[in-house]
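First up is the structure itself, then whatever we jot down about it.
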Amino acid sequence: MKEYIIRLVYVEMLGHDASFGYIHAVKMIHDDSLLVKRTGYLAVTLFLNEDHDLIILIVNTIQKDLKSDNYLVVCAALNAVCKLINEETIPAVLPQIVELLAHPKEAVRKKAIMALHRFYQKSSSSVSHLVSNFRKRLCDNDPGVMGATLCPLFDLITNDVNSYKDLVISFVSILKQVAERRLPKAYDYHQMPAPFIQIKLLKILALLGSSDKQASENMYTVVGDIFRKCDSSSNIGNAVLYECICCVSSIYPNHKLLESAADAISRFLKSDSHNLKYMGIDALGRLIKISPEIAEQHQLAVIDCLEDPDDTLKRKTFELLYKMTKSTNVEVIVDRMIDYMNSINDNHYKTEIASRCVELAEQFAPSNQWFIQTMNKVFEHAGDLVNIKVAHNLMRLIAEGFGEDDDTADSQLRSSAVESYLHILGEPKLPSVFLQVICWVLGEYGTADGKYSASYITGKLCDVAEAYSNDETVKAYAVTALMKIYAFEIAAGRKVDMLPECHSLMEEFLASHSTDLQQRAYELQAVIGLDAHAVESILPSDASCEDIEVDKALSFLNDYIQESIEKGAQPYIPESERTGMLNISNFRNQDHHEASSHGLRFEAYELPKQTVQARIPPASLASTELVPVPEAMYPRESYQTTTVPSVSSDAASTELKLRLDGVQKRWGRQTHFPSTSTSNSTSLKTVNGITQVDGSNTANSRTRETYDSRKQVEISPEKQKLAASLFGGPSKTEKKSATGHKSSKPSSHMVKSHAPKSSMEVASEKTSVQQPPDLLDFGEPTVKSTAPSLDPFKDLEGLLEPTTQVSSAVNHSSTAAVTKSPDIMGLYTETTAGAHHKDSDILSGLSKPPMTNMVGGTTTMQVAQSSKGPNLKDSLEKDALVRQIGVTPSSQNPNLFKDILG
Amino acid sequence: MGIRFILMVNKQGQTRLAQYYEWLTLEERRALEGEIVRKCLARNEQQCSFVEHRNYKIVYRRYASLFFLVGVDNDENELAILEFIHLLVETMDRHFGNVCELDIMFHLEKAHFMLEEMVMSGCIVETSKANILTPVQLLEKTS
């Protein structure tokens, strides 16, 4: 029978339903044989959940077994208690469990504690009077029981720190004893004394010591001891170290401990193990809250981790970046985040990173323009995943501008937003939230600067409404936008002629099943029928951020009420005073006037004062009926955007200014030097190699630098360079090509001289100039191909000539094309591709005519070569560099070889 | 809660042992295992042994053909869990003597018993190998 039940466990484990056999497992727990009984208990814990019908059959057996003399039976029953007892059955076993807390066998005490812990998790009220038992068991003679007690205590302390402050001393002394190896040897793991207990204790101490100076002071010594004693060569030692760092960053800061924590972190980050790097990044994220300057030393390691192909590490690094974002580095970080967001498919994480992008952008945005662009990107790629509030914030920002009194800047911003949206509308599929923003902005500002005609914008809006015909909200936004545009046109005194598609759209909407859409369509119709004066007051241009004054007291009705009272109506009694009255309905019936004003009260709240007060009388009778309706709709919509606390964006902008001062501390100078030097040298290399790129490259970095300096008023030159390196310019290209080179290595044996070449390249990277003779020996074909004018190899030159001729034929056209493209990376790969074509050409004796796609590459190379001519005699260094660049294979190469050889 | 589930899966993606500390239906388990195993099998030796999946963090370790996967909460010490896996393997090693996939397949209940001693309701309660193995060996003797 036991075997069958285990088979059944297998069946479930492999994902098939085995519920037919559950009852047999339940029967098995009645068995006399200990092993069979335990197996039966195991099976029921695996099969059943605590709400299963069969549980009721088990409880009785459990009760019996808990009383057994054999402690193994008791343990088996306790295991089942932990998993299967639900809230209703707790009282049935609770008294027995409490008895078992004093059982002579430590294994039973331990499990009884855990059972009690489980009850606490299930329903803390049922065991609240027993919580003191946990404290008692902490002093158990057996370290196993003590260790187990830490779990419930951890939970208790998480829920209520203050009532356990008195235990700090005990925990510290336990931890001290553990660290001093007072526990039995059996608990050692890889020469560490009871590491899992240490970790649990450190966790508890972190909770108890957080923002409590007095409690923290008790811990400093022991945590310092553990820092010293931990063996950082083993995993478990590092695990304890990591927990120490967490503890240190959570308790009241102590300078010495922070130092050792920083040391440990730098060891983690410098390690080759990805696991340790991961822990290091995580620990850095924790410590950075207390001592932000620590990030300085590790920025290079962090950037490495960010570019690591390992997804987990990357995410962790993004988490860290998120924590250390300031107004100065927000652009880099958010750009990186968005790039990454685009590259993943996991919706769960995409949502998270999108909301983080939004949060950072809102908090630290350096300029409105940037903010809008960033938001566009986020919406475009993850629009359906972000909160609708974000969209409202964006609309508000566009409407309000930057909070400064610079109207031209605001209108520029708006027109650029309009332009970008019109552009984006060309995309085939856009998320609904984003479309809502687009429609709103187009409606509000589409025609504001006179650049686009009303018919153009309305055409676009109609397209939107048609293209996304199953999205009611988008359609509603589109109709309202249409209405606004027509209203602006009418108000400006221009004649409105509706587009035919707009007409058909309206007809469709007038008969729509959605009352909202229908109403909006009717409103539109009504608005178009009005004269300019009325329309202007209904939909004033660019008034979305004007405060709408709502006269809650309805003072404008006073006259009317006065009149009715004079006529004999009863005065209105506020609802609060009316509560005791039973005959409210009677009362209402008696007083129609009051009732009507009462009914009005609810709807009128949203009516802006100015229109109701002033504009209704002059309008015609028909319009008085219609006008209030659009009013009610329109203010509600703009209300969302305007009256959402507008403080945050203002605060963010002021914050932004404040934060600029403290900026340098984040990525400070000393550590910055290495990165600049590398990035500089790489950019130099590129410049030397591809002379042609030179201009654009430096120009790029120049503009970046000026951009930076514009952004941050007083920043040291190092900072600027660092920013450039952070921006991922030249250094990134180099990195990419380096990896490409690695990946293409295996295929290199296809070409004879290729493998030695790539190894030589590595050598040249390291030794650079010093060994040119050696390198030249290996590099014959390469040197040849990249710089034919060097010509120490005349036979090869002869072979090369046809190619050069071909390329020179198309020379000027393709050079033009090349110069046009500012993409460094593109040039880079082109050059390499060109070089490779030539290599293979040479090797195959130019048996095949050069291909068309090859020409561009060759030309680039030739340009490089021709402009390199004068430098030829300068030094061998450049030859080495050219070779290096010429050889660096890109990932395209395998295909190219296929093209040529196969 | 700490540990949410412990899985042992072989290279072919077949589950060899599964223990959940929170209730999931059969379909949920199957889907979860499939997703996680696919994620972990795709990773190489150099990458770190932690994977984020939904709201779990998966810590995994490979021994020959068998993967040990532990799903934990977000605030758990991953490195410690990694070592916990090793402790589990060492314990099984001591019991079975050079443990392999077959030992776990044919003595599934014993592997479970050991796990029951080490982890209760998602917490690591026992780390001394002697304490873990004594009840298991006693059970064996009595039968």
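The values are calculated or read from the model by the stated rules, or taken from the named source; none is laboratory data. Fair warning: this is a prediction, and the values are worked out from it, not measured in the lab. Neighbour counts run over all protein chains shown; Cβ positions are idealised from the backbone, glycine included. Side chains are part of the model used for accessible areas, which takes the heavy atoms of the whole protein and leaves out ligands, DNA and RNA. Shrake-Rupley method; radii C 1.70, N 1.55, O 1.52, S 1.80 Å.
Observations on the model:
- The set of residues in the stretch A:215-250 being surrounded by fewer than 24 Cβ atoms within 10 Å (Cβ to Cβ) and polar (S, T, N, Q) consists of A:218, A:221, A:232, A:233, A:234, A:235, A:249, A:250.
- In the stretch B:9-22, the residues that are under 17 Å from residue B:115 (Cβ atoms) and without any contact (Cβ under 8 Å) to a residue 40 or more places away in the chain: B:15, B:18, B:20
- Test: residue in the stretch A:267-276 that is part of a loop (DSSP other than H, G, I, E, B), open to solvent by 40 Å² or more (accessible area, probe 1.4 Å) and within 14 Å of another protein chain (Cβ to nearest Cβ): yes
- Here the stretch A:403-457 is the region considered, the condition is being modelled with pLDDT of 75 or more and of a type in the set (Val, Ile, Thr), and the residue that is farthest from residue A:481 (Cα to Cα) is A:424.
- Residue A:118 vs. criteria open to solvent by 10 Å² or more (accessible area, probe 1.4 Å), within 20 Å of residue A:153 (Cα to Cα) and either touching a Ser or Thr at 6+ places or on another chain (Cβ under 6 Å) or within 12 Å of chain B (Cβ to nearest Cβ) (or both): yes
- Scanning the stretch A:377-387 for residues that are modelled with pLDDT of 75 or more and either in contact with a helix residue (DSSP H, G or I) (Cβ under 6 Å, 6 or more places away or on another chain) or crowded, with 22+ Cβ neighbours inside 10 Å (or both) returns A:377, A:378, A:379, A:381.
- Test: residue in the stretch A:69-87 that is within 23 Å of residue A:200 (Cβ to Cβ), of a type in the set (D, E, K, R) and not in a helix (DSSP H, G or I): no
- Hey, residue A:326 of a type in the set (Lys, Arg), in a loop (DSSP other than H, G, I, E, B) and over 17 Å from the mean Cα position of the chain (by Cα) or not: no
- Residue A:316 vs. criteria of a type in the set (D, E, K, R) and modelled with pLDDT of 85 or more: yes
- Residues of the stretch A:51-78 satisfying the condition of being within 11 Å of chain B (Cβ to nearest Cβ) and surrounded by fewer than 20 Cβ atoms within 10 Å (Cβ to Cβ): A:51, A:52, A:70, A:71, A:73
- Of all residues in the stretch B:20-55, those satisfying the criterion of being surrounded by fewer than 13 Cβ atoms within 10 Å (Cβ to Cβ), more than 18 Å from the chain's Cα centre (by Cα) and within 28 Å of residue A:272 (Cα to Cα) are B:42, B:44, B:45, B:46, B:55.
- Yes/no for residue A:155 being open to solvent by 10 Å² or more (accessible area, probe 1.4 Å), within 27 Å of residue A:65 (Cβ to Cβ), in a loop (DSSP other than H, G, I, E, B) and not polar (S, T, N, Q): no
- Those residues of the stretch A:191-209 which are open to solvent by less than 10 Å² (accessible area, probe 1.4 Å) and charged (D, E, K, R), in sequence order: none
- The one condition from (1) away from every other protein chain (no Cβ under 12 Å); (2) within 35 Å of the chain's Cα centre (by Cα); (3) surrounded by fewer than 16 Cβ atoms within 10 Å (Cβ to Cβ) that residue A:212 does not meet is (3).
- Subset of the stretch A:1-11 (residues that are in contact (Cβ under 8 Å) with a residue 24 or more places away in the chain and more than 10 Å from chain B (Cβ to nearest Cβ)): A:1, A:8
- Evaluated against (1) within 12 Å of chain B (Cβ to nearest Cβ); (2) farther than 20 Å from residue B:125 by Cα, residue A:185 falls short on exactly one condition, (2).
- Meets criteria (more than 14 Å from every other protein chain (Cβ to nearest Cβ), part of a helix (DSSP H, G or I) and in contact with a Ser or Thr (Cβ under 6 Å, 6 or more places away or on another chain)) for residue A:321: no
- Sole exception among (1) assigned to a helix (DSSP H, G or I); (2) out of contact with any strand residue (DSSP E or B) (no Cβ under 8 Å at 6 or more places or on another chain); (3) open to solvent by less than 50 Å² (accessible area, probe 1.4 Å) for residue A:183, by number: (1)
- Residues of the stretch A:3-36 that are open to solvent by 40 Å² or more (accessible area, probe 1.4 Å) and assigned to a helix (DSSP H, G or I): A:3, A:4, A:7, A:11, A:19, A:20, A:23, A:24, A:27.
- Matching option when the condition is more than 28 Å from residue B:9 (Cα to Cα) and within 11 Å of chain B (Cβ to nearest Cβ), among A:34, A:14, A:48: A:34
- Among (1) at the interface with chain B (Cβ under 10 Å from one of its Cβ atoms); (2) under 26 Å from residue A:29 (Cα atoms); (3) open to solvent by less than 60 Å² (accessible area, probe 1.4 Å), the one test that residue A:142 misses: (2)
- Qualifying residue in the stretch A:298-315 (condition: of a type in the set (D, E, K, R) and touching a strand residue (DSSP E or B) at 6+ places or on another chain (Cβ under 9 Å)): yes
- The criterion of at least 3 residues that are within 29 Å of residue A:374 (Cα to Cα) is met by the following helices (runs of 4 or more DSSP H) wholly inside the stretch A:424-515: A:432-445, A:454-467, A:472-491.
- Residue that is farthest from the chain's Cα centre (by Cα), among those in the stretch B:4-19 that are more than 9 Å from chain A (Cβ to nearest Cβ) and of a type outside the set (Val, Ile, Thr): B:12
- The residues of the stretch A:336-345 that are open to solvent by 20 Å² or more (accessible area, probe 1.4 Å) and either over 11 Å from the mean Cα position of the chain (by Cα) or touching a residue at least 12 places away in the same chain (Cβ under 8 Å) (or both), listed by number, are A:336, A:342, A:343, A:345.
- Number of the exception - residue A:309 against (1) farther than 18 Å from residue A:349 by Cβ; (2) within 13 Å of chain B (Cβ to nearest Cβ); (3) surrounded by fewer than 19 Cβ atoms within 10 Å (Cβ to Cβ): (1)
- Taken as a whole, the stretch A:233-256 holds no residue that is under 24 Å from the mean Cα position of the chain (by Cα), within 14 Å of another protein chain (Cβ to nearest Cβ) and under 30 Å from residue B:41 (Cβ atoms).
- Strands (runs of 3 or more DSSP E) completely within the stretch B:48-143 that count 1 or more residues being at the interface with another protein chain (Cβ under 9 Å from one of its Cβ atoms) and at pLDDT below 90: B:50-53
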